[in-house]
1. Show the residue pairs that are 6+ apart or on different chains and have beta-carbon atoms under 8 Å apart, the first residue being within region 285-301 and over 17 Å from residue 199 (Cα atoms) and surrounded by fewer than 22 Cβ atoms within 10 Å (Cβ to Cβ), the second being at pLDDT 95 or above and aromatic (Phe, Trp, Tyr).
2. Looking at region 69-120, which of its residues are farther than 19 Å from residue 45 by Cα, surrounded by fewer than 19 Cβ atoms within 10 Å (Cβ to Cβ) and hydrophobic (A, V, I, L, M, F, W, C)?
3. What do you reckon, is residue 180 in contact (Cβ under 8 Å) with a residue 40 or more places away in the chain and more than 27 Å from residue 235 (Cα to Cα)?
4. What number goes with the only condition from (1) in contact with a His (Cβ under 8 Å, 6 or more places away or on another chain); (2) in a loop (DSSP other than H, G, I, E, B); (3) over 27 Å from residue 182 (Cβ atoms) that residue 121 does not pass?
5. Restricting to region 263-281, count the residues that are surrounded by 14 or more Cβ atoms within 10 Å (Cβ to Cβ) and either β-branched (Val, Ile, Thr) or farther than 17 Å from residue 73 by Cβ (or both).
6. From the list 147, 230, pick out the single residue that is acidic (Asp, Glu), out of contact with any helix residue (DSSP H, G or I) (no Cβ under 8 Å at 6 or more places or on another chain) and assigned to a loop (DSSP other than H, G, I, E, B).
7. Can you tell me which residues in region 22-43 are within 19 Å of residue 138 (Cβ to Cβ) and assigned to a loop (DSSP other than H, G, I, E, B)?
8. Out of all the residues in region 121-132, is one or more within 25 Å of residue 78 (Cβ to Cβ) and in contact with a Cys (Cβ under 9 Å, 6 or more places away or on another chain)?
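The values are calculated or read from the model by the stated rules, or taken from the named source; none is laboratory data. Not measured: the values here are computed from a predicted model. For neighbour counting, all protein chains shown are included, and Cβ atoms are generated from backbone atoms with ideal geometry for every residue, glycine included.
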Amino acid sequence: MDWHADYHRYSEILTFFQALAARSPDLVKLKVFGLTHEGRFLMRVTIGPHKRSEDPDRKRIWLQAMQHAREWISGATVQYIAESLVNGYGRDPAITRMLDAVEVVLVPVANPDGYEYSWMGERLWRKNRRPIQPGVFGVDMNRNWPDHWNNGGSSPDPRSDVYMGPFAASEPEVQALMNEFRATPNIVGAIDYHSYSQLLLYPVGYTLMPSVYQPQFRELGQVFQKAIGDQTPFVPEQSSQLYIASGGAEDWWFGDQTAKERGGRIYSICIELNPSERENMVGFLLPPSAIRSVGEEQVRGLMAFVSYTLEHPLL
């Protein structure tokens, strides 16, 4: 059976990563680092040779997917990336060099409750499953991170798809992600996978004012596009150029408080995966037949992202 020929339920995804770790115990480690509103595990997967992981200077790349429940291709893409890295280490020279240089830390499903709910009849459900009042559920996790929370592009209405929550970092999933990120040393880059529109979005999202690092992010976008290939154009742009959105993960990873805590800024981006905006009739319902091609492109994109972040550190 080709695992990447279809989408899978959350319990199946956990089993997939458990099997990956059992098959490559010297390369893959699993960790439960939190619980959701409904008591599901939040799982972290670490990929890289264990003999190097204890190096205090070991650099790391953080990947996460599925903050938004309906964006199934984001989770499938991270699964494809993970298996490609494990299968390629020691066989593919480029992947081997990358994993010798950095450890990849990934959260395959950041919103398990919402994702499971999207399998149960409401396929386009976006938020988590916080119970708010009878018949009203959910916070948009990617409007709940504390950097410039409630600075536009979100809503105080619990019925809204972009409900920001009762206060910054109110959600146990967001709190757990923040705590695990803080506990992971030497992160030099982070990617939040979403869909759709084929965009590489970089900070900041809460204002149209560009950061002083915009030239580096634009160049990163060009390098990423070159690695992906011309057949699938990805447009690099500041997140707020798409629309104002405060309380997002990439702004918190990049923001002043996190930079102060970690002693410097990191490259943080949001990848809006396939399809393109012109294919909006497909939108979030990308067929499973596209999983493999999207995954192949994003493996190349990830390697370009890693190479660029190592060669051009933000100061």
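1. 288/7; 292/80
2. If the condition is that a residue be farther than 19 Å from residue 45 by Cα, surrounded by fewer than 19 Cβ atoms within 10 Å (Cβ to Cβ) and hydrophobic (A, V, I, L, M, F, W, C), then 94, 119, 120 are the ones that fit.
3. Working: in contact (Cβ under 8 Å) with a residue 40 or more places away in the chain: yes; more than 27 Å from residue 235 (Cα to Cα): yes.
Criteria met by residue 180.
4. Exception for residue 121: condition (1).
5. Going through region 263-281, the residues surrounded by 14 or more Cβ atoms within 10 Å (Cβ to Cβ) turn out to be 265-276.
Among the residues that remain, those that are also either β-branched (Val, Ile, Thr) or farther than 17 Å from residue 73 by Cβ (or both) are: 265-269, 271.
Within region 263-281, residues that are surrounded by 14 or more Cβ atoms within 10 Å (Cβ to Cβ) and either β-branched (Val, Ile, Thr) or farther than 17 Å from residue 73 by Cβ (or both) number 6.
6. Numbers: 147 fails: out of contact with any helix residue (DSSP H, G or I) (no Cβ under 8 Å at 6 or more places or on another chain).
Within the list 147, 230, the selection yields 230.
7. Of the residues in region 22-43, the ones within 19 Å of residue 138 (Cβ to Cβ) are 34-40, 42.
Passing the criteria: 36, 37, 38, 39, 40.
8. Scanning region 121-132 turns up no residue that is within 25 Å of residue 78 (Cβ to Cβ) and in contact with a Cys (Cβ under 9 Å, 6 or more places away or on another chain).
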